[in-house]
Amino acid sequence: NAGVTQTPKFRVLKTGQSMTLLCAQDMNHEYMYWYRQDPGMGLRLIHYSVGEGTTAKGEVPDGYNVSRLKKQNFLLGLESAAPSQTSVYFCASSYDSLYTFGSGTRLTVV
Amino acid sequence: AQSVTQLGSHVSVSEGALVLLRCNYSSSVPPYLFWYVQYPNQGLQLLLKYTSAATLVKGINGFEAEFKKSETSFHLTKPSAHMSDAAEYFCAVTKIYNQGGKLIFGQGTELSVKP
């Protein structure tokens, strides 16, 4: 039982490049989330999804897009990376009060 | 809207001393409350959660937290700190049956333990 798997674990991007972060869960959870973690700011919600085919904006959605074409996958896209998007990204899924987090993706934009 | 405030971005205690990490929440409906711990370069680990059952919640590693509705608080305590408790701690709040169950986090409190 893998839980929540994030790929890649590390990535360095140049300003203006694009990339997609993949989150996969094998627990059949309806809800999925993308957070970013920055020093002194805790985890801030970027986007979330309450089911296959649905997405919604969180606290800090600008510069990101998401898709939930399959229930088990939640993709986070950066169309044109900026240095301000240097962060650690966490994906999570939930059912009732049970939240499961991935191990994170450390992204550096230079 | 929900929010969480953690008082003190850094807390330092001596080994064996009481650990007290403060968390106050704002929610228009009864919340679910969580404490997570993050060790350096690792992910989040659930310490404990309050889901409207007992107001005193016991978690892993000897931690506990008390939900106080009158004070809108959910402070985390441990009677005796160990060196291994040094980490960052996050308080989080959600309303399970609304808004997609989003977890809203506080800014975190870094706990240092002195020998």
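The values are calculated or read from the model by the stated rules, or taken from the named source; none is laboratory data. The structure displayed is predicted, hence computed values, not measured ones. With ideal geometry, Cβ positions are generated from the backbone for all residues, glycine too; neighbour counts draw on all protein chains shown. The accessibility values were calculated without ligands, DNA or RNA, using every heavy atom of the protein model including side chains. Shrake-Rupley method; radii C 1.70, N 1.55, O 1.52, S 1.80 Å.
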In peptide A:91-104, how many Cβ atoms from other protein chains are near each Cβ within 10 Å, on average? 4
Around B:Lys102, which amide H atoms from residues at least 5 apart in sequence, or from another chain, sit under 5 Å from its own amide H, with H modelled in the peptide plane? B:Lys95
Work through the residues other than A:Tyr64 whose Cβ is under 15 Å from its Cβ and net out their charges, Lys, Arg +1 and Asp, Glu -1. +1
Find the percent of Cα-Cα distances in chain B that exceed 23 Å, and round it to a whole number. 24 percent
In the neighborhood of A:Glu52, defined by Cβ-to-Cβ distances under 12 Å, what is the net charge if each Lys or Arg adds +1 and each Asp or Glu adds -1? +2
Residue mean of other protein chain beta carbons inside 10 Å, A:50-63: 1
Just tell me which aspartates and glutamates come within less than 18 Å, Cα to Cα, of A:Lys70; anything on the same chain fewer than 8 places away is out. A:Asp26, A:Glu30, A:Glu52
Distance between modelled label sites at B:Ser12 and A:Val110, nm, 7 Å Cα→Cβ extension: 3.5 nm
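Over 16 Å apart: what share of the alpha carbon pairs of the range B:1-67 falls there, rounded to a whole percent?
On the way: 1257 of 2211 pairs.
So the pairs more than 16 Å apart make up 57 percent of the total in the range B:1-67.
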GNM, chain B, Cα, under 10 Å: largest mean-square fluctuation among B:Ser84, B:Ser28, B:Ser14? B:Ser28
Return the Cα extents of chain A along principal axes one, two and three, sorted largest first, each rounded to a whole Å. 38, 26, 24
Whenever you get a sec, line up A:Ile46, B:Ile104, B:Ile60 from highest to lowest accessible area (probe 1.4 Å, protein heavy atoms). B:Ile60, B:Ile104, A:Ile46
At a probe radius of 1.4 Å, what is the per-residue accessible area of B:His10, in Å² to the nearest 10? 130 Å²
Which FRET efficiency value, to the nearest 0.05, do you get for B:Ser84 and A:Thr20 by plugging their Cβ-Cβ distance into 1/(1 + (r/R0)^6) with R0 = 41 Å? 0.65
Any chance you could look up the accessible area of B:Leu76 with a 1.4 Å probe, heavy atoms only, rounded to 10 Å²? 0 Å²
Could you work out the relative contact order of chain B, using alpha carbon pairs under 8 angstrom and six or more residues apart, expressed as a whole percent? 37 percent
At a probe size of 1.4 Å, how large is the accessible area of A:Lys57, to the nearest 10 Å²? 150 Å²
Within the set A:Lys57/B:Lys102; A:Lys14/A:Lys71; B:Lys49/B:Lys78; B:Lys69/B:Lys95; B:Lys49/B:Lys102, which residue pairs have Cα atoms separated by over 20 Å? A:Lys14/A:Lys71
Viscosity 1.002 mPa s, 20 °C: Kirkwood-radius Stokes-Einstein D of the protein assembly as shown over Cα pairs, µm²/s: 119 µm²/s
Volume in Å³ per residue [convex hull over Cα atoms, computed for the range A:64-110]: 85 Å³
